[in-house]
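To start, the structure under review is shown below, and the notes come after it.
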Amino acid sequence: MKTRTLRKDKVNIITLGCSKNMVDSEVLSAQLKANDIDVVHENRKRDHNIVVINTCGFIDKAKEESVNTILEHVALKKKGTLDKVYVTGCLSERYRQSLEEEIPEVDAWFGTLELPLILKQFEADYKAELIGERMLSTPKHYAYMKISEGCNRTCSFCAIPLMRGAHVSKPIEQLVREAEGLVQKGVKEIMLIAQELTYYGLDIYKKRELPRLLNALADVKGLEWIRLHYAYPSKFPLEIIDVMKDRPNICNYLDMPLQHSSDRMLKAMRRQITRAEMNELIGEIRSRIPGICLRTTLIAGFPGETEEDIEDMKLFLQQHRFDRVGVFTYSHEEGTSAHALPDNIPQQEKERRAQEVMEVQQEISYEKNQEKTGKVFKVLVDKKEAGRYLGRTEFDSVEVDNEVIIQSHRKLTPGEFVNVNITRAYDYDLEGEVVE
Ligand code: SF4
């Protein structure tokens, strides 16, 4: 039964999980729109009758959120508020069979690489000429750009290769066209993302070509900031840092998940790198760009981890004083090689360890932020919230890093760059006034 007869279909796309999922939703939106299908992203007006839920299947918490979102919309369908519920993304890719049995009310399930099939469901054609075209769901002055899909690494805790498949790089020419298209839409900042950024090119060019891609993107007129996320430390191509140093529109910012510090854990996690090699790499990166902003991610509670390992992780943070750190608790994922190990650390203890590590980082972050007071930074204005302008320096990526609370005597516009003299610093934020 149609909810309202003769009403034109309106599709709401809901994206869960990471920025890579968000890019997939943006690509799907552009394809549907190009087929004259009315499509919105995260529609608060609720005047849609069809939803596509782009799920995450990475770790327990994310899977729970995805299942709850599906059940919530299936309930709306039962109530007659929705006509169709479609599910795609990593959770669907990973658990399709059991989900089809458990939630039969869902109209169709799709995997992570089945865009043409989703379009077919809407009697829409896949328009190859739209490659790189997206309906942005971010504020229009910044966007994510996925430079490859999948991953060839074998980190023992990670289920991503099960959901995203092998590594596939996008050609440089295609990415440059995509960047030019984004700049035409008003984008000033692009976050480069992938499952594993530094592997770029090894498949299609038979060698690491991230430095060449970076130079090509840095040549795109109007692109003010290019930011690197998800770099892998093992066999890290240091030429990336040289290009970063030479090109002013590549932020002196590097997100490089390291996951742990102790050799025993790094080995069990199959990270293909040792503590000594990480120390050397961090030292080399900092010697080439003093003041570069280093972000990393760590996992607490991996099977077999001891109190000594956590003490070592805290020492590692004090030794390297990273600018930005995120700590996750280990999630025991079936299908990963670590799943064969006993998940012998209780969840509460995992969270206690993660908290303890973050307390060390909080102090470091506060001290490093203090060093910024009295200095002037170029800040990208993001938004006005509760009467205050908020922005970021080149050392801060969206949603995960520090924000700058900006005092200004004049009206500011999101997407505008201003110079800000930092007057106050907090654990994770800065405050300052515009200096014209
Ligand atoms: S690099 Fe490791 S952690 Fe990252 S997506 Fe690949 S397998 Fe997972």
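Tabulated values for the structure
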| read-out | value |
| --- | --- |
| Sole residue being crowded, with 19+ Cβ neighbours inside 10 Å, polar (S, T, N, Q) and in the same structural domain as residue 167 (by TED's automatic domain parsing), chosen from 259, 272 | 259 |
| Meets criteria (surrounded by 19 or more Cβ atoms within 10 Å (Cβ to Cβ), under 19 Å from residue 255 (Cβ atoms) and of a type in the set (S, T, N, Q)) for residue 369 | yes |
| Filtered residue count, region 217-252, keeping only those that are under 17 Å from residue 187 (Cβ atoms) and within 22 Å of the chain's Cα centre (by Cα) | 12 |
| Among the residues listed as 292, 273, the single one being in contact with a Ser or Thr (Cβ under 6 Å, 6 or more places away or on another chain) and hydrophobic (A, V, I, L, M, F, W, C) | 273 |
| Number of the condition not met by residue 316 [criteria: (1) out of contact with any strand residue (DSSP E or B) (no Cβ under 8 Å at 6 or more places or on another chain); (2) open to solvent by 50 Å² or more (accessible area, probe 1.4 Å); (3) of a type in the set (A, V, I, L, M, F, W, C)] | (2) |
| Selection within region 336-356 - open to solvent by 20 Å² or more (accessible area, probe 1.4 Å) and of a type in the set (A, V, I, L, M) | 340, 341 |
| Any chance residue 126 is closer than 30 Å to residue 335 by Cα and open to solvent by 10 Å² or more (accessible area, probe 1.4 Å) | no |
| Enumeration of residues in region 121-142 that are at pLDDT below 95 and in a helix (DSSP H, G or I) | 128, 129, 130 |
| Qualifying position, being free of Cβ contacts under 8 Å to residues at least 40 places away in the same chain and either open to solvent by less than 70 Å² (accessible area, probe 1.4 Å) or under 19 Å from residue 428 (Cα atoms) (or both), among 305, 333, 359, 284 | 359 |
| Complete set of residues in region 203-234 that are within 16 Å of the ligand (Cβ to nearest atom), open to solvent by less than 20 Å² (accessible area, probe 1.4 Å) and touching a Lys or Arg at 6+ places or on another chain (Cβ under 9 Å) | 229, 232, 233, 234 |
| Condition broken by residue 266, with the remaining ones in (1) more than 16 Å from the ligand (Cβ to nearest atom); (2) free of Cβ contacts under 8 Å to residues at least 40 places away in the same chain; (3) of a type in the set (A, V, I, L, M) satisfied | (1) |
| Residue in region 150-162 that is outside any loop (DSSP other than H, G, I, E, B) and either touching a Leu at 6+ places or on another chain (Cβ under 8 Å) or closer than 22 Å to residue 39 by Cβ (or both) present | no |
| Region 100-120 residues that are in contact (Cβ under 8 Å) with a residue 60 or more places away in the chain, paired with ones that are assigned to a helix (DSSP H, G or I) and acidic (Asp, Glu) (beta carbon under 7 Å, 6 or more apart) | 112/93 |
| Some residue of region 97-110 being open to solvent by less than 50 Å² (accessible area, probe 1.4 Å), under 21 Å from residue 333 (Cβ atoms), part of a helix (DSSP H, G or I) and more than 16 Å from the ligand (Cβ to nearest atom) | yes |
| Candidates 51, 85, 40, filtered to the one that is within 30 Å of residue 217 (Cα to Cα), touching a strand residue (DSSP E or B) at 6+ places or on another chain (Cβ under 8 Å) and outside the structural domain of residue 216 (by TED's automatic domain parsing) | 40 |
| Selection within region 235-254 - under 28 Å from residue 310 (Cα atoms) and open to solvent by 10 Å² or more (accessible area, probe 1.4 Å) | 235, 236 |
| Number of the condition not met by residue 383 [criteria: (1) part of a helix (DSSP H, G or I); (2) closer than 22 Å to residue 403 by Cβ; (3) of a type in the set (D, E, K, R)] | (1) |
| Residue selected from region 150-200 under the condition of a type in the set (Lys, Arg) and either surrounded by fewer than 19 Cβ atoms within 10 Å (Cβ to Cβ) or more than 21 Å from residue 216 (Cα to Cα) (or both), by the criterion farthest from the ligand (Cβ to nearest atom) | 185 |
| Residue 278 being buried (at least 22 other Cβ atoms within 10 Å of the Cβ) and out of contact with any strand residue (DSSP E or B) (no Cβ under 8 Å at 6 or more places or on another chain) | yes |
| Candidate set from region 192-204 (those that are in contact with a helix residue (DSSP H, G or I) (Cβ under 8 Å, 6 or more places away or on another chain) and part of a loop (DSSP other than H, G, I, E, B)); member that is nearest to residue 161 (Cα to Cα) | 195 |
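Yes/no per residue for (1) closer than 25 Å to residue 325 by Cβ; (2) at pLDDT 95 or above:
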{"site": "373", "(1), (2)": "yes, yes"}
{"site": "379", "(1), (2)": "yes, yes"}
{"site": "391", "(1), (2)": "yes, yes"}
{"site": "414", "(1), (2)": "no, yes"}
{"site": "436", "(1), (2)": "no, no"}
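The values are calculated or read from the model by the stated rules, or taken from the named source; none is laboratory data. Quantities reported herein were computed from a predicted structural model and do not represent experimental measurements. Note that we place each Cβ from the backbone using ideal geometry, even for glycine, and neighbour counts take in every protein chain shown. The area values use the complete protein model at the heavy-atom level, side chains included, leaving out ligands, DNA and RNA. Shrake-Rupley method; radii C 1.70, N 1.55, O 1.52, S 1.80 Å.
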